[in-house]
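Just so it is clear, none of the values below were taken in a lab; they were calculated from the coordinates. Note that the coordinates shown come from a computational prediction; the quantities given were computed from them, not determined experimentally. Counting neighbours? That spans all protein chains shown, and the Cβs are built from the backbone with ideal geometry, glycine included.
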Amino acid sequence: MTKLKIKAPCYTMEPIQFKLYDFCEEFSGFRSDVSKKLIGCQDMSPELIRLEKNGEIIFSNSVAVCPVCGSHHNVKDGKIERELIFMNLGNQTCKVQRYKCTRCGNVFSADLSSIVEVNRNITKPVIDFILKSYSISGDSIRKIMHRLKEIHNVDISYQSVENILLGLEYDLDNDFYSLSGYYLFDALWVKINSVWNYILALFDLQSNTIVSYDLTPSESEKSIYKFLSESTYNQDRNYIVTDLKH
């Protein structure tokens with residue numbers, strides 16, 4: 001029988017370099033700061049473990065603490081799926097470890113508060129990018145949306161970017177002295193807890209910043225007049241342009 005030298009089929013191997021922390025929870029804490037930034041988790045809590053198995057992202061806690069009784073005596077109770085939007089990774093379907101407290105019987109999930117806010121699916125690094133682009137660079141909402149998609153692989157809508165900006169608390173005391181006096185008024189129709197409300201917002205056209213905003217149950221002439229009067233108190237009001245979008 002003739003002996004043949006056969007080369008290893010290297011061309012069939014995936015061009016991915018795996019690390020030990022991709023498979024073992026005990027070593028996941030050794031992930032470098034550079035790789036954390038690439039996956040949009042640079043501020044991830046040390047107690048939060050992020051694994052990648054078979055192309056899936058799995059979150060769990062190194063030490064699970066019951067939020068009801070504070071007990072550390074908990075057992076794993078399956079996983080739940082959650083859609084999250086990461087910087088550079090985009091939209092990902094993640095699995096979050098669920099736990100059951102053996103003391104009080106409470107069922108809870110791994111704490112993701114260090115990377116995403118409650119009732120949101122857009123992670124904090126994406127929100128930080130939106131805020132800095134808007135407040136420091138002065139980028140428009142549509143420009144922020146396109147930069148996120150083209151550079152950071154984050155595909156979110158114009159409305160999502162606007163909702164993030166309108167949902168912030170602004171310190172207006174120091175900004176009032178730099179207003180131009182040219183404003184754009186916008187009323188946005190939103191549903192909160194199955195009830196329709198209106199977000200009234202006032203933008204400074206020259207500085208491209210939000211001057212003031214308020215949440216009201218109706219879009220009556222009285223409520224709009226009250227909002228505009230309070231927002232521009234002791235300020236120049238050369239023009240107020242109304243742009244209503246529902």
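Structure data summary
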| read-out | value |
| --- | --- |
| Residue among GLU47, GLU83, GLU52 that alone is touching a residue at least 12 places away in the same chain (Cβ under 8 Å) and in contact with a Phe, Trp or Tyr (Cβ under 9 Å, 6 or more places away or on another chain) | GLU52 |
| Pairs with Cβ under 7 Å, 6+ apart, first in the range 149-168 and surrounded by fewer than 15 Cβ atoms within 10 Å (Cβ to Cβ), second assigned to a helix (DSSP H, G or I) | ASP155/LYS149; TYR158/ILE141; TYR158/ARG142; TYR158/MET145 |
| Count of the range 147-158 residues which are touching a helix residue (DSSP H, G or I) at 6+ places or on another chain (Cβ under 9 Å), over 15 Å from LYS132 (Cα atoms) and in a helix (DSSP H, G or I) | 1 |
